[in-house]
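**Q** Sharing a structure with you now.
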Amino acid sequence: MWAVPIATMILSGVAPRVVTVVARSSLLRAVLRARLPIGRSCRGVGQCGACRVFVVAGSCEPMDPVEAELAKRMPLGDGERFACRARMASDVTLTTGYW
Ligand code: FES
């Protein structure tokens, strides 16, 4: 039997939710698992920038080349990441401006 490492994400906002996902999941996957709305015009391929979220606590893996390139075109603020590209490196707490 495989032991699957997991991580927890807290989605803060008007109605906070907690979801448990496989470790290294993308932030987008966890948000969708929590059934919360999130922009994703490009369906998560790192082109539209609509999935911008704010990481309140915890950490993500460093940007991959796709996210870094997108961040050059659409700069991120402190703590912001593109949810479709950022992968959880620990338990994470996220929010957006519209939850
Ligand atoms: S969903 Fe388009 S950049 Fe993330």
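Every number here is computed from the coordinates shown, using simple stated rules; none is lab data. Only a predicted model underlies this, so the values are computations on that prediction, with no experimental measurement involved. Here Cβ is always computed from backbone atoms with ideal geometry, including for glycine, and neighbour counts include all displayed protein chains.
**Q** Taking a quarter of the surface of the convex hull around the Cα atoms of the chain, what do you get in nm²?
**A** 6.3
**Q** Where nothing but the Cβ of Lys and Arg (+1) and of Asp and Glu (-1) is charged, how large is the charge dipole of the chain around its Cα centre, in debye to the nearest 20? Don't skip to the answer; put the middle values down first.
**A** Numbers: 13 positive and 7 negative charges, 75 e Å.
Taking the Cα centre of the chain as origin, the dipole is about 360 debye.
**Q** Tell me, in nm to one decimal, what length is gained between Ser90 and Val45 on full extension, where the rule is 0.36 nm per residue of separation less the Cα-Cα distance?
**A** Separation in residues times 0.36 nm, less the Cα-Cα distance, equals 13.9 nm.
**Q** Taking the DSSP beta bridges in the chain as the whole, what percent of them are antiparallel, to the nearest 5?
**A** 80
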